[in-house]
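In what follows, a structure is listed as structure tokens, so that the remarks can point back to it.
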Amino acid sequence: MTGGLYAVSDLHVSYAENRAVVDGLRPETADDWLIVAGDVGEVFADIERTLRLLRDRFATVVWAPGNHELWTHPNDPVTLRGVARYDALVAMCRELGVLTPEDEYAVWRGDGGPVTVAPLFVLYDYSFRAPGTTTKEESLRVAYDAGVVCTDEMLLHPDPYPDRESWCAARLEATRRRLEATDPALPTVLVSHWPLVRQPTEVLWFPEFAQWCGTDRTADWHVRHRAAVAVYGHLHIPRTTHYDGVRFEEVSLGYPREWRRRGGEPAPMKRIL
Ligand SMILES: [Fe+2]
Ligand SMILES: [Fe+2]
């Protein structure tokens, strides 16, 4: 196998400019894989259309959900909430042949392999609290006072869990067990929409937003689960950093106003291995 392992996230295809960028995403070789690390869009049919297009082009597509896929958006005829919506997204991906966090983890055997490619869905639990606060309630209040509130508060329903942190706790437990069962001889590529460690959120313009960006409980996963690379998005701050010697790749396209500010034609697909 001679292809590359590529990654992208935050395609946000509700924007026509972003749909044009997605139309330009093409593999270099017939063996290339593409990781899609969440926030394809909000409307179920848009997400499906985009993943189908990518699946038709790439040898393998691996998807992890972002918060936008999990929204129950007023413009979406699919009105499922919370776990039921996530399950429907997984079923749609399986129909398309796109790998999800619920499928057996695939092993990349091309350049830089073999590595286990693990898409993760662990959500967040408000432990990345706003500066100077010690509880979720305080942290949320600071965010509301600052006018920096993630739309998840209105549209990302945790049903049947009582709240998003309970859903997160269940996902953490199930995901940890899956990761512990992977082949200990192989390194991993850990793929999560939200960063596994808090440090990437330190450069956010609004520090109050960090509480919607991850959980302290994955802080050592990149070491514990042998990550060669950790792929994430959500922050819309594409860059490469290293924590504990592990490479972290933020691979988001982001909103048109964001990628236009970065200048030039966006080439969001990043080669990971
Ligand atoms: Fe996003
Ligand atoms: Fe996001």
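Each value in this text was obtained by applying a stated rule to the coordinates, not by laboratory testing. Computed from a prediction, not measured in an experiment: that's the story for all the values here. Cβ coordinates were reconstructed from backbone atoms using ideal geometry, including for glycine residues, and neighbour counts include every protein chain displayed.
Miscellaneous remarks
- Diffusion coefficient, µm² s⁻¹, Stokes-Einstein with Kirkwood Rh over alpha-carbon pairs of the chain at 25 °C and 0.890 mPa s: 131 µm²/s
- Span from the region 30-69 Cα centroid across to the region 212-273 one, whole angstrom: 17 Å
- In this calculation the C-beta distance from W205 to A267 is compared with R0 = 25 Å, giving a FRET efficiency of 0.55.
- Euclidean distance of C-alpha centroids, region 72-137 and region 145-192, integer Å: 7 Å
- If the segment from E153 to A20 were pulled out straight at 0.36 nm per residue, it would be longer than the present Cα-Cα gap by 44.9 nm.
- Rounded to whole numbers, the Karplus 3J(HN,Hα) couplings from phi for region 157-171 are 7, x, 3, x, 6, x, 7, 5, 5, 5, 4, 4, 4, 5, 5 Hz, using 6.51 cos²θ - 1.76 cosθ + 1.60 with θ = phi - 60°, and x at Gly and Pro.
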